[in-house]
Amino acid sequence: MGDAGNGTALPDAAALAEAGLRLDVDGAVATVTLDRPERRNAMTFALWRTLAAIGRSLPADVRVVVLRGEGRSFSAGIDLKMFSGGGGFPDGADAAATDRFIAELQEGFTWLRNPEIVTVAAVHGHAIGAGFQLALSCDIRVVADDVKFCMKEPALGLVPDLTGTKPLVEAVGLNRALELCLTARTVLADEAARLGLAEIVAPAGKLDEAVDDLVAALLAVNPGAAVATKRLLLEAPGNDLAAQCAAERREQRGRLREMFGGQQG
């Protein structure tokens, strides 16, 4: 990741604006803003592809990425205008082509799990469908007390396919995830905190302040230790105890080499 590593330039202002996004990089912090407030930040294929381009080209010194929404909501989900006349959707008849199409869109979400960065979703108002999945893709969700989460896709005849099903099940468990998805009901801030869908809840007028405080705390931690620890925690759900103990030993060897200058493998 990072243009220092692969030579890929960040999307320019015109490309970002066309996709309905803004990007601000300030040293170690990148802020990505969904910027279609007149549509409650409804998402399009162009927006998802541009998110993927941002992930491929972030400067190597970025440590924290904040995702936020302009206006009254984080995101109302997929732009329903795209359902008119097909809207560019594949019809599913060509399985390989459909798979490639969806995988390209999913890339706009998967980079947010990269161990080299910590990603924070600053969520207020509606976070529906794809908006909910974008929040779920982030490491930490800071939500305003007016947040409204909803996994709407099944009610539209679709499935959640933007990488949200795994973190949802990991956060709330299989049975609750089934209930949330198959009823497409709304989850408010208090319940989101109880279920593990929100790590921090702030008054609506204090959301930015809560995010700033969190970012400052994240940046205060040793960068190498932060990357190694995120890597460990991402591995943990798939490891048994012995494998996770081995992973801890591996990561700690790297930390000790950096701290004390050892050269042994």
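When only the Cβ of Lys, Arg, Asp and Glu is charged (+1, +1, -1, -1), the dipole of the chain relative to its Cα centre reaches about 360 debye. Whole Å is fine, so just give me how far the alpha carbon centre of the range 104-181 lies from that of the range 218-252. Taking the Cα centre of each part, the range 104-181 and the range 218-252 sit 23 Å apart.
Between Rg and the Kirkwood Rh of the chain, both from Cα atoms, what is the Rg to Rh ratio?
Rg divided by Rh gives 0.98.
Ordering P154, V201, A246 by the projection of their Cα atoms onto the charge dipole of the chain, which places +1 on the Cβ of Lys and Arg and -1 on the Cβ of Asp and Glu, puts A246 at the extreme positive end. The antiparallel fraction among DSSP beta bridges confined to the chain stands at about 25%. The convex hull around the C-alpha trace of the range 195-265, projected and averaged over every direction, spans 6.7 square nanometres. Per residue, the average separation of C-alpha pairs within less than 8 Å and at least 6 apart gives the chain a relative contact order of 15 percent. Taken along the Cα-to-beta-carbon direction at a fixed 7 Å, the label points for D61 and D190 span 4.6 nm. Which of rounded, prolate, oblate describes the range 51-170, given a ≥ b ≥ c as roots of the alpha-carbon gyration tensor eigenvalues and a/c under 1.5 marking rounded, otherwise prolate only if a/b is larger than b/c? Because a/c hits 1.5 or more and a/b fails to exceed b/c, the range 51-170 counts as oblate. For the chain, the mean residue ellipticity at 222 nm estimated from helices alone is -13500 deg cm²/dmol, where every DSSP H run of n ≥ 4 contributes -39500 (n - 2.57) and the total is divided by all residues, rounded to the nearest 500.
Here r is the Cβ-Cβ distance between A220 and D91 and R0 is 51 Å; the resulting FRET efficiency, rounded to 0.05, is 0.50. For the residue pairs K148/K230; K152/K230; K81/K148; K81/K206, the C-alpha atoms sit more than 24 angstrom apart in K148/K230; K152/K230; K81/K206. With each label modelled as a point 7 angstrom along the Cα→C-beta vector, the L178-L233 pair spans 2.9 nm.
Taking a point 7 Å out from the Cα of V25 in the direction of its Cβ, the residues of the range 37-65 whose backbone N falls within less than 14 Å of it are 53-65.
Every number in this text was worked out from the coordinates using simple rules, so none of it is lab data. If you're wondering where the values come from, they're calculated on a predicted model, not measured in any experiment. Note that we place each Cβ from the backbone using ideal geometry, even for glycine, and neighbour counts take in every protein chain shown.
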